[in-house]
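This report concerns only the one structure given below.
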Amino acid sequence: MTVRVQTEDFDAGFEINQLRSARKDVGAVVSFIGQVRDVNEGDEVSQLTLEHYPGMTEKSLEAIITQAKTRWNIMDVLIIHRVGTLQPCDQIVLVAVSGSHRGEAFAACEFVMDYLKTEAPFWKKEATSSGERWVEAKSSDDDARERWNKTTE
Amino acid sequence: MKIKLFYFARLKETLKYSTEDLELGDAEGPWTVLKLKALLSKRGDVWGQMLMGKLKVRAAINHELVHDNATIANGDEVAFFPPVTGG
């Protein structure tokens, strides 16, 4: 597994290729990219600043990958999450999962994102025309995570 | 006993603390997260609002998310922060 928390941008194509070509028994790679939007809660967003808890953030992401690997028959997982100041259209996060078949890779990728959003210590602050504000956690994200406790697949 | 405290995001900004070392009286133990929150809340209104008020606060001990009834030990790293919003 690979976990990177960094201020620098990433090349998703390169990272996905690395994961794909690492093993000849890989049959599927599923990836997710999160991007900074220029709008939130009806307001224009000009900038986003991400804070994290060095040490805990990395451990928490590794623990999420370990859980995903226990639940699904997947080969490898990569998470890159950016911190610091970002602009609309900047990439925030990349999750990529390799496996033999698409089904388990799709499920594991979604599981990792749902858990990342509710468990990994990152906090967003956005700049709008009326000033800066902390982004509030969404109950819909908690619901998205909870459904993994109800289903077996 | 001695612990190290960290605050993040809105808490860090409002309390104007990012980290501090704190001595907790062994005689008043055992120390739980809730008891520590109550102690810190005595520092002033803004501390009470941030730690015991309406806003949700999450706590971690040694990088693990914990509940209010978790016990704190000597040398622990304790952190308080709002619900997370990454991704």
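Please determine, by comparing only the residues of the stretch A:76-96 that are in contact with a Gly (Cβ under 9 Å, 6 or more places away or on another chain) and not aliphatic (A, V, I, L, M), which one is farthest from the other protein chains (Cβ to nearest Cβ). For the stretch A:76-96, the residue satisfying everything is A:ASP76.
Quick check: is even one residue across the stretch A:139-147 surrounded by 18 or more Cβ atoms within 10 Å (Cβ to Cβ), modelled with pLDDT under 95, outside any strand (DSSP E or B) and at the interface with chain B (Cβ under 9 Å from one of its Cβ atoms)? Outline the logic, then answer.
Restricting attention to the stretch A:139-147, the residues satisfying the condition of being surrounded by 18 or more Cβ atoms within 10 Å (Cβ to Cβ) are A:141.
Those still in the list that are modelled with pLDDT under 95 too: A:141.
With outside any strand (DSSP E or B) added as a condition, the list becomes A:141.
Add one more test, that the residue is at the interface with chain B (Cβ under 9 Å from one of its Cβ atoms), and what stays is A:141.
There is at least one residue in the stretch A:139-147 that is surrounded by 18 or more Cβ atoms within 10 Å (Cβ to Cβ), modelled with pLDDT under 95, outside any strand (DSSP E or B) and at the interface with chain B (Cβ under 9 Å from one of its Cβ atoms).
Checking each residue in the stretch B:18-28 for being closer than 18 Å to B:ASP68 by Cα and more than 16 Å from the chain's Cα centre (by Cα) picks out only B:GLU28.
Among the residues of the stretch B:29-61, the one identified as within 14 Å of chain A (Cβ to nearest Cβ), over 12 Å from the mean Cα position of the chain (by Cα), closer than 27 Å to A:LYS59 by Cβ and of a type outside the set (A, V, I, L, M) is B:LYS56.
Hey, can you tell me all the residues within the stretch A:20-59 that are among the acidic types (Asp, Glu) and at negative phi? I'd like the intermediate steps shown before the answer.
Of the residues in the stretch A:20-59, the ones among the acidic types (Asp, Glu) are A:25, A:38, A:41, A:43-44, A:51, A:58.
Those that are among the acidic types (Asp, Glu) and at negative phi: A:ASP25, A:ASP38, A:ASP43, A:GLU44, A:GLU51, A:GLU58.
The set of residues in the stretch A:52-85 that are surrounded by fewer than 22 Cβ atoms within 10 Å (Cβ to Cβ), farther than 14 Å from A:MET1 by Cα and among the charged types (D, E, K, R) contains only A:ARG71.
Looking across the stretch A:97-136, the residues that are more than 13 Å from the chain's Cα centre (by Cα), more than 14 Å from chain B (Cβ to nearest Cβ) and buried (at least 18 other Cβ atoms within 10 Å of the Cβ) come down to A:SER98, A:GLY99, A:GLU104, A:ALA105, A:ALA107.
Go through the stretch A:111-138 and report how many residues are in a strand (DSSP E or B) and touching a helix residue (DSSP H, G or I) at 6+ places or on another chain (Cβ under 7 Å).
Of the residues in the stretch A:111-138, the ones in a strand (DSSP E or B) are A:122-128, A:131-134.
Checking which are touching a helix residue (DSSP H, G or I) at 6+ places or on another chain (Cβ under 7 Å) leaves us with A:122-123, A:134.
Final tally of qualifying residues: 3.
How many of the residues making up the stretch A:19-37 are exposed (fewer than 15 other Cβ atoms within 10 Å of the Cβ) and assigned to a helix (DSSP H, G or I)? Matching residues across the stretch A:19-37 total 1. Within the stretch B:21-62, being within 14 Å of B:LEU5 (Cα to Cα), touching a strand residue (DSSP E or B) at 6+ places or on another chain (Cβ under 7 Å) and not hydrophobic (A, V, I, L, M, F, W, C) holds for B:ASP21, B:GLU23, B:THR32, B:ARG58, B:ASN62. Give me the residue from the stretch A:1-18 that is touching a residue at least 40 places away in the same chain (Cβ under 8 Å) and assigned to a loop (DSSP other than H, G, I, E, B) and, out of that set, surrounded by the fewest Cβ atoms within 10 Å (Cβ to Cβ). Among those that are touching a residue at least 40 places away in the same chain (Cβ under 8 Å) and assigned to a loop (DSSP other than H, G, I, E, B), it is A:GLU8.
In summary, strands (runs of 3 or more DSSP E) completely within chain B and bearing 1 or more residues that are surrounded by 18 or more Cβ atoms within 10 Å (Cβ to Cβ) occur at B:2-7, B:58-61, B:77-81.
The values are calculated or read from the model by the stated rules, or taken from the named source; none is laboratory data. Computed from a predicted model, the values in this text were never measured in an experiment. FYI the Cβ positions are ideal-geometry reconstructions off the backbone, even for glycines, and counts take in every protein chain you see.
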